[in-house]
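Colleague: One structure, as structure tokens, below. Some questions next.
The values are calculated or read from the model by the stated rules, or taken from the named source; none is laboratory data. Please read all numbers here as calculations on a predicted model, not as lab measurements. All Cβ positions, glycine included, derive from the backbone under ideal geometry; neighbour counts span all protein chains shown.
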Amino acid sequence: MTNPPSKQELLETIHQHWNELNELLAELSEEQMLDPTVQDNWSIKDILAHIATWEELATDRLAAGLSGTPVNYPVMKSWDDINAYNDERYTANRDHPLEKIMDEFHRIHDEFITQVEKLDDEFVAGPMPFEWAKDTSVHTLISANAHWHYTEHIEAIEKWMK
């Protein structure tokens, strides 16, 4: 078993993939950002709101883990829970204008990065400090809600662009 990445390695990887996503977005017009056929019935605007939603949830999980306080977002124990949360957040965000979604996308990402920067390597390498988190490690929580997530949607956007 290999050691998990250090906080610095995670941050470098996150920044690399974040930059890749933003470079891809810079190529697109507003019309393209609003096309509802990018991934299932989601537009790029919807995808960005979705990414922000999960970074916000991860920021909350990390802050609660550090402080020992309860989380503010629902605990999800199954794919059905995750899909229901995605649907709920999609419905809440779908009518927001692109500019608002873009602002939140960047603001929430900055908050997420600030929270990750507060962590030490020992915390990043350890398990999430919640009984319901089972064997999920902190670095897995970070990766799943950052660069792994960006890559999933970058691939979908690139496929749609072709």
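Colleague: Consider only pairs whose beta carbons are under 8 Å apart and that are at least six residues apart or on different chains; among these, list those whose first residue lies in the stretch 134-150 and is in contact (Cβ under 8 Å) with a residue 24 or more places away in the chain and among the polar types (S, T, N, Q) and whose second residue is in a helix (DSSP H, G or I) and surrounded by fewer than 19 Cβ atoms within 10 Å (Cβ to Cβ).
Modeller: 137/125; 143/13
Matching residues to (1) among the charged types (D, E, K, R); (2) farther than 14 Å from residue 10 by Cα:
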residue	(1), (2)
74	no, yes
81	yes, yes
96	no, yes
105	no, yes
115	no, no
123	no, no
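Colleague: With respect to residue 29, determine if the residue is modelled with pLDDT of 95 or more and among the small types (Gly, Ala, Ser).
Modeller: So residue 29 passes the test.
Colleague: Among residues belonging to the stretch 102-112 that are closer than 20 Å to residue 67 by Cα and within 11 Å of the chain's Cα centre (by Cα), point out the one that is surrounded by the fewest Cβ atoms within 10 Å (Cβ to Cβ).
Modeller: 108
Colleague: Out of everything in the stretch 88-98 that is among the charged types (D, E, K, R) and either part of a loop (DSSP other than H, G, I, E, B) or in contact (Cβ under 8 Å) with a residue 24 or more places away in the chain (or both), what residue ends up being farthest from residue 49 (Cα to Cα)?
Modeller: Once the filter is applied, the top-ranked residue is 95.
Colleague: Quick check on the stretch 53-68. Is at least one of its residues surrounded by fewer than 15 Cβ atoms within 10 Å (Cβ to Cβ), touching a helix residue (DSSP H, G or I) at 6+ places or on another chain (Cβ under 9 Å) and not β-branched (Val, Ile, Thr)?
Modeller: Checked the stretch 53-68: no residue is surrounded by fewer than 15 Cβ atoms within 10 Å (Cβ to Cβ), touching a helix residue (DSSP H, G or I) at 6+ places or on another chain (Cβ under 9 Å) and not β-branched (Val, Ile, Thr).
Colleague: Could you check the stretch 43-88 and list, in sequence order, the residues that are among the acidic types (Asp, Glu) and more than 18 Å from residue 131 (Cβ to Cβ)? Walk me through how you get there before you give the answer.
Modeller: In the first step, residues of the stretch 43-88 are kept if they are among the acidic types (Asp, Glu); the result is 46, 55-56, 60, 80-81, 87-88.
Passing the criteria: 46, 55, 56, 80, 87, 88.
Colleague: Given the conditions (1) closer than 26 Å to residue 5 by Cβ; (2) of a type in the set (Phe, Trp, Tyr); (3) in a helix (DSSP H, G or I), which single one is not true for residue 85?
Modeller: If we test residue 85 against (1) closer than 26 Å to residue 5 by Cβ; (2) of a type in the set (Phe, Trp, Tyr); (3) in a helix (DSSP H, G or I), just (1) comes out false.
Colleague: Filter the stretch 124-162 down to residues that are farther than 29 Å from residue 45 by Cα, assigned to a helix (DSSP H, G or I) and in contact with a Pro (Cβ under 9 Å, 6 or more places away or on another chain), then give me how many there are.
Modeller: Count: 3.
Colleague: The conditions are (1) out of contact with any Ser or Thr (no Cβ under 9 Å at 6 or more places or on another chain); (2) under 30 Å from residue 127 (Cβ atoms), and residue 85 fails exactly one of them. Which is it?
Modeller: The one condition residue 85 does not meet is (1).
Colleague: Right, here's the next one. How many of the residues making up the stretch 65-80 are assigned to a helix (DSSP H, G or I), farther than 20 Å from residue 149 by Cβ and among the small types (Gly, Ala, Ser)?
Modeller: Total meeting the criteria: 1.
Colleague: Here is a further query. Pull out all pairs, ordered by first then second residue, where Cβ-Cβ is under 8 Å, the residues are six or more apart or on different chains, the first lies in the stretch 112-131 and is within 12 Å of residue 63 (Cα to Cα), and the second is polar (S, T, N, Q).
Modeller: Correct list of pairs: 112/59; 112/145; 115/59; 128/136; 128/137.
Colleague: Every residue in the stretch 13-48 that is out of contact with any Phe, Trp or Tyr (no Cβ under 8 Å at 6 or more places or on another chain), buried (at least 18 other Cβ atoms within 10 Å of the Cβ) and not in a helix (DSSP H, G or I), please.
Modeller: If the condition is that a residue be out of contact with any Phe, Trp or Tyr (no Cβ under 8 Å at 6 or more places or on another chain), buried (at least 18 other Cβ atoms within 10 Å of the Cβ) and not in a helix (DSSP H, G or I), then 43 is the only one that fits.
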